[in-house]
């Protein structure tokens, strides 16, 4: 293409800045994005010049990852697949490639080896495909309508998504190249390693004062971002002491020499299982030849630079912190994400793309390797950003307000499983979005990246919120039923019930209420608007866990089934329903409604929603419940009267059968069972509700509500 820019100098490839997407003229921005795309593409191409042979592309550098032939195809097919999904493109280039190379999230548990054989295509065919894709993207950049700001809804956002995705894989592929046999790789002029080596400085702890931290950005942010970066988290961070330097190879060797890898007490259960499986006694990238130690870099082995940062996974870093804690008699650990940002704010570092020169070994602006831990200083601390990523104690989760981007719905949410810990600060090869303050990346704790760690001393315990996405299909259906959207203009079931009983609440005491069969707890929270204390009980511990989580955190994420294997990711907060202020008034417990403990008593209202036709002994329940309702109090029952033998033996049904040869309804059965202790306050009312199963399948049900007053 005649108008395409041609990059000639290495520095144009290596030193790039993230485009600012909300300022400048549209045509200048078009040219800037084109240059950014071309630099990214060429850097990706040049990275693979590090491989000596075609055979190296098909080797499994890591048994938990695809061979590199996948990744050179994956970064190209990603553009096409996302642009088709966004409606920017309508025709595929190579449907086979765009299927084979589509799914790149292939990391597994360390003991889940996948030896599946793939019929990978020839290298030259993949390279030719890449050339075709590059030409298409350049043409789109020239021709697509452009206006500022470029945001989530813009077609150019999808182009930026492809570019930043490619930059992620430049870094992760460099880690895989580092794991190939040394005779399969070679040095190239583009990547110059650090030649500095020397005495290792003694690490010391330095104080970081109390401060406020804000994590997350708004949709109008100037830079491209992944969905997990948007939202908000604010916290006040108490003072703590942080290590002046990243943990060096020298400092970590003390742990190795002290039989750290052979001593179970330093390791978490997960860590010790990993050590036993790997049978390792020192870090993965260390090489031992007798008493001599070397370090494996991306494409060469060098004499061990003891004053460079150690590169380990989270499990190793955690074991070191436990060992060091006992050795020093201090409470050491890695920082949380918020504590890392407190250090970052204390260092007052400029953000990429605002710096003139990177204030750390990052963005490929200094070296193509780590460097000494005392090379880049900021406010008395070193390597606050760059050199190697820094593990944190925190599993990744969505920030308040997290939303999945519709064109990449599986970027973040598969990692919201409490098994992927955040890494912060970037490495020497972190570029683009990877090198900005707001980036939020996470890896499984056993995985290797260009990552090390910094320890801190703090008396604060780390609280890990259960912020993963609920995937249990039944639980998710009830989350959607109780907190999700309205369907077919049918009001939320809890709201409908409250509306019907509201007028009776003015005439009773409102000290205690009981929600029986509470499921995920919506009615429990709604009743807390009226009562001083509300207890939610359910037979299912799975349901009770959701109610408890909502009480503790005020929010929940869940996976909603759409169609077949397609799902969407939903988030809600109690504050969305004006229920957050009532969290202290509710409690949730597992219980059997037919065999309640004696202390569940003295209630001014008992609500049993859609419960009686799912009990194994509803007659016993109704007989017992009268003892638990205060005089003048209310018993509210709702049910569609769907009697099934799989739940209730026929002889225990309340109604729905012939008695003495005549039809005997559930309503008549309720009157016969309850009339001695209760009076029916008005004629039964219908309550309609809809339960969503998939985007095209719904249960539309009409329950009957009866309201009874205790005599």
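Values in this text are rule-based calculations from the coordinates and carry no lab data. Not measured: the values here are computed from a predicted model. Note that we place each Cβ from the backbone using ideal geometry, even for glycine, and neighbour counts take in every protein chain shown.
Couple of notes before you dig in:
- Cβ-derived FRET efficiency at R0 51 Å, residue 580 paired with residue 186, nearest 0.05: 0.30
- Rounded to the nearest 0.05, the FRET efficiency derived from the C-beta distance between residue 568 and residue 15 at R0 = 56 Å is 0.90.
- Distance from the Cα centroid of the range 192-245 to that of the range 574-615 is 43 Å (rounded to whole angstrom).
- Zone residues, the range 424-444, relative to residue 460, backbone N less than 17 Å from point 7 Å out along Cα-to-Cβ: 424
- Once the Cβ-Cβ distance of residue 668 and residue 403 is raised to the sixth power relative to R0 = 51 Å, the FRET efficiency obtained is 0.55.
- A simple spin-label model places pseudo-atoms 7 Å from Cα toward Cβ; at residue 269 and residue 659 they are separated by 5.2 nm.
- For the chain, adding -39500 (n - 2.57) for each run of n ≥ 4 DSSP H residues and dividing by the number of residues yields -9000 deg cm²/dmol at 222 nm.
- Nitroxide proxy distance, nm - points 7 Å out along Cα→Cβ at residue 209 and residue 649: 7.4 nm
- Computed lengthening from residue 219 to residue 598, 0.36 nm per intervening residue step minus Cα-Cα distance: 131.2 nm
- Going from the fewest other Cβ atoms within 10 Å to the most, the residues 300, 316, 526, 562 appear in the order 562, 300, 526, 316.
- Tilt relative to the chain, helix 155-178 - C-alpha long axis, 0 to 90 degrees, to 10: 60 degrees
- Contour minus Cα-Cα distance for residue 281 and residue 356 (0.36 nm per residue): 22.8 nm
- Spin-label pair residue 143/residue 300, simplified geometry with 7 Å Cα→Cβ offset, distance in nm: 4.6 nm
- Residues of the range 626-652 with amide N under 19 Å of the 7 Å Cα→Cβ point at residue 617: 626-629, 644-652
- Rounded to the nearest 10 degrees, the inclination of helix 314-328 to the longest alpha-carbon principal axis of the chain is 90 degrees.
- Extension gain for residue 91-residue 195 works out to 32.5 nm (0.36 nm per residue, less the C-alpha to C-alpha distance).
- Helix axis angle, 541-553 relative to the chain longest principal axis, alpha carbon, degrees: 70 degrees
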